[in-house]
Amino acid sequence: MSLAPGRIVGIIVGALAILGIGVYGPAMLLGPLPDVMVKVEGAADAAGEPAAPIVLPGTGANALAVIADDGSAETLALGGEAGVVPIGGAAKLVAVLATLESLPLPDEGAGPGIPIGPADYTDYLRYSGEGSRTLQVSPGETWTERDVVRAVLLASSNNHADTLVRWAFGGVEPYVAAANEWLAENGFESTRVDDATGLSGDNVGTAEELTRLVALALADPEIAEIFDGSATPTPTPGTRNVPDIAAHLEGDGVRSISRSFTDQAGLCLLFTAEIPGAEGDEPRRIVGAMLRMPDYETLDPAVLAALESTKVAAQPITVITSGTAYAEVEAPWGDRGEVVASTTRTAVAWGTALGETSVTVEPFSTAAKGRDVGRAAVSTATGEIASPLELSADIRDPGPLWRLSHPVELISAFVADQER
């Protein structure tokens, strides 16, 4: 018995309907949902304002840095001339560091003896006659390496600077070549020396690089001990009395590393000081360089103002506050929630403005309240500060009715899911 054409069409239509319902329903009910839409808040950040900037004078060439945990100097502020200028007696610090790299001071004891010969005595007479800083020597004496280094660093003795490099390098000329090579190897792009004393105007550098030089010196425990132990350490047989001419502003907590004056470089001061950390934190060590200053009436207030402003700038500010909304999310079916910081983060801004806040929210369709769904990060003077972002409310599955009535959204979500 054959079926009528109308009956055949009805069976086909019915079969397709049954098949469509069997495929469409599961596909809509079990398929992936579209991702929520994310709207980053325009003024989401509740970060505190940094303190007033660090104060450095416009006169001369000046830089201030903080010594990081790894011993390097992180520049905090620059003032005045940023380019290359004569560096005066700061060149003696290069002479000591370049010498001690190959001939280090021993952990204990005074080190090898350095005989004082005719050339050393002639240097003493010549520099004395010129009115330059010296420390008396006599032919036939023997100074220990430690005492010669102390004479160079603390007394800024020009004849001892030449004695040191003559002993270590065979003469001033070979020293200059070796010292400039040492500077280049250690990443000093602008600092160059022309002698061991700093009397030549061709000893040049930038204030910023000189703060790095001070940080290198203080990283050497023997050099640090010389500056911390004052000019008259515990007397031992043969120890020379070396006056601490470099010292300046000691009553204000400043430890001068180099203090000099030349016609070309003007008044130059390299210094370090400790400033209090936040409550419970260790003090921070600051290093500074002020070059080409006209007089002490300009230099001294500038040093004290720089340190006072740095103390204020060293106080931490709140960069990210827990609960602050950084974005809003909305699902196509109407569920909404905020994306908020889960932690409070603080940082030392060192008087500089905070950078822009970057917000990242991971794609998701549904999530429970409290789930980490992204990250907020703020750039500061000492690096990036970040917090996880969590969802403030549940974003739930919309249920079968919404799924069955929104095939376009679900098909698009399925395609997007395949492309990930």
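The values are calculated or read from the model by the stated rules, or taken from the named source; none is laboratory data. Owing to the predicted nature of the structure, the values given are computational and were not obtained by experimental measurement. Quick reminder, even Gly has a Cβ in these numbers, built from the backbone with ideal geometry, and neighbours come from all protein chains shown. Surface accessibility is based on the protein's heavy atoms, side chains included, excluding ligands, DNA and RNA. Shrake-Rupley method; radii C 1.70, N 1.55, O 1.52, S 1.80 Å.
Looking at segment 22-29, can you tell me whether even one residue there is assigned to a helix (DSSP H, G or I) and either buried (at least 16 other Cβ atoms within 10 Å of the Cβ) or at pLDDT 90 or above (or both)?
Within segment 22-29, one or more residues are assigned to a helix (DSSP H, G or I) and either buried (at least 16 other Cβ atoms within 10 Å of the Cβ) or at pLDDT 90 or above (or both).
Determine the pairs where a residue that is open to solvent by 70 Å² or more (accessible area, probe 1.4 Å) and aromatic (Phe, Trp, Tyr), located within segment 405-417, has a partner that is at pLDDT below 80 and part of a helix (DSSP H, G or I) with Cβ atoms under 9 Å apart, the partner being 6 or more residues away or on another chain.
Once the first residue is open to solvent by 70 Å² or more (accessible area, probe 1.4 Å) and aromatic (Phe, Trp, Tyr) and sits in segment 405-417, its partners that are at pLDDT below 80 and part of a helix (DSSP H, G or I) give Phe414/Ala27.
For segment 339-354, name all the residues that are under 22 Å from Gly323 (Cβ atoms) and either open to solvent by less than 50 Å² (accessible area, probe 1.4 Å) or outside any strand (DSSP E or B) (or both).
Once the filter is applied, which keeps residues that are under 22 Å from Gly323 (Cβ atoms) and either open to solvent by less than 50 Å² (accessible area, probe 1.4 Å) or outside any strand (DSSP E or B) (or both), segment 339-354 yields Val339, Val340, Ala341, Ser342, Thr343, Thr344, Ala347, Ala349, Leu354.
For segment 379-394, name all the residues that are of a type in the set (Val, Ile, Thr) and open to solvent by 40 Å² or more (accessible area, probe 1.4 Å).
Thr382
Does Phe261 satisfy being open to solvent by 80 Å² or more (accessible area, probe 1.4 Å), touching a Gly at 6+ places or on another chain (Cβ under 9 Å) and modelled with pLDDT of 95 or more?
Considered against the rule, which asks whether it is open to solvent by 80 Å² or more (accessible area, probe 1.4 Å), touching a Gly at 6+ places or on another chain (Cβ under 9 Å) and modelled with pLDDT of 95 or more, Phe261 comes out as yes.
For Asp397, are the conditions met, namely being open to solvent by 30 Å² or more (accessible area, probe 1.4 Å) and modelled with pLDDT of 80 or more? Explain how you work it out, then say what you get.
Values: open to solvent by 30 Å² or more (accessible area, probe 1.4 Å): yes; modelled with pLDDT of 80 or more: yes.
Taking the combined requirement at face value, the residue satisfies it.
Quick check on segment 356-365: of everything there that is part of a loop (DSSP other than H, G, I, E, B) and surrounded by fewer than 16 Cβ atoms within 10 Å (Cβ to Cβ), which residue is nearest to the chain's Cα centre (by Cα)? Show your work before the answer.
Filtering segment 356-365 for residues part of a loop (DSSP other than H, G, I, E, B) gives 356, 362-365.
Then keep just the ones that are surrounded by fewer than 16 Cβ atoms within 10 Å (Cβ to Cβ); that gives 356, 362-363.
On the way: Glu356: 18, Glu362: 31, Pro363: 34 Å.
Here the answer is Glu356.
Restricting the first residue to segment 255-267 and requiring it to be under 15 Å from Tyr296 (Cβ atoms), which pairs with a second residue that is surrounded by fewer than 20 Cβ atoms within 10 Å (Cβ to Cβ) and of a type in the set (Phe, Trp, Tyr) meet a Cβ separation below 6 Å and a spacing of at least six or different chains?
Between residues of segment 255-267 that are under 15 Å from Tyr296 (Cβ atoms) and residues that are surrounded by fewer than 20 Cβ atoms within 10 Å (Cβ to Cβ) and of a type in the set (Phe, Trp, Tyr), the close pairs are Leu267/Phe261.
If you go through segment 154-170 one residue at a time, how many are open to solvent by less than 10 Å² (accessible area, probe 1.4 Å) and over 13 Å from Val137 (Cβ atoms)?
The total comes to 2.
Could you list, in sequence order, all residues of segment 283-338 that are in a strand (DSSP E or B), out of contact with any Lys or Arg (no Cβ under 8 Å at 6 or more places or on another chain) and not small (Gly, Ala, Ser)?
Selection gives Arg284, Arg285, Ile286, Val287, Met290, Leu291, Arg292, Met293, Ile317, Tyr326, Arg336, Glu338.
With respect to the numbered conditions (1) surrounded by 14 or more Cβ atoms within 10 Å (Cβ to Cβ); (2) under 24 Å from Thr197 (Cα atoms); (3) at pLDDT below 95, which one is the sole condition not fulfilled by Asn241?
Looking at each condition in turn, Asn241 falls short on (1).
Hey, among the residues in segment 324-338 that are open to solvent by less than 10 Å² (accessible area, probe 1.4 Å) and either among the hydrophobic types (A, V, I, L, M, F, W, C) or free of Cβ contacts under 8 Å to residues at least 24 places away in the same chain (or both), which one's farthest from Pro276 (Cα to Cα)?
My answer is Ala331.
Considering only segment 275-295, how many residues are surrounded by 14 or more Cβ atoms within 10 Å (Cβ to Cβ) and either free of Cβ contacts under 8 Å to residues at least 40 places away in the same chain or among the aromatic types (Phe, Trp, Tyr) (or both)? Steps first, answer last, please.
Just the residues of segment 275-295 that are surrounded by 14 or more Cβ atoms within 10 Å (Cβ to Cβ), to begin with: 275, 277, 284-293.
Narrowing the set further to residues that are either free of Cβ contacts under 8 Å to residues at least 40 places away in the same chain or among the aromatic types (Phe, Trp, Tyr) (or both) leaves 275, 277.
Count: 2.
Residues in segment 92-117 that are among the charged types (D, E, K, R) and either under 12 Å from His160 (Cα atoms) or without any contact (Cβ under 8 Å) to a residue 24 or more places away in the chain (or both): how many? Write out each step before concluding.
Just the residues of segment 92-117 that are among the charged types (D, E, K, R), to begin with: 92, 101, 107-108.
Restricting the remaining residues to those that are either under 12 Å from His160 (Cα atoms) or without any contact (Cβ under 8 Å) to a residue 24 or more places away in the chain (or both) gives 92, 108.
Selection size over segment 92-117: 2.
Sort out which residues of segment 147-159 are outside any loop (DSSP other than H, G, I, E, B) and either touching a residue at least 60 places away in the same chain (Cβ under 8 Å) or over 22 Å from Asp107 (Cα atoms) (or both), and write them in order of number.
Scanning segment 147-159 gives Asp147, Val149, Arg150, Ala151, Val152, Leu153, Asn158, Asn159.
Tell me which residues, restricted to segment 171-180, are open to solvent by 40 Å² or more (accessible area, probe 1.4 Å) and in contact (Cβ under 8 Å) with a residue 40 or more places away in the chain.
none
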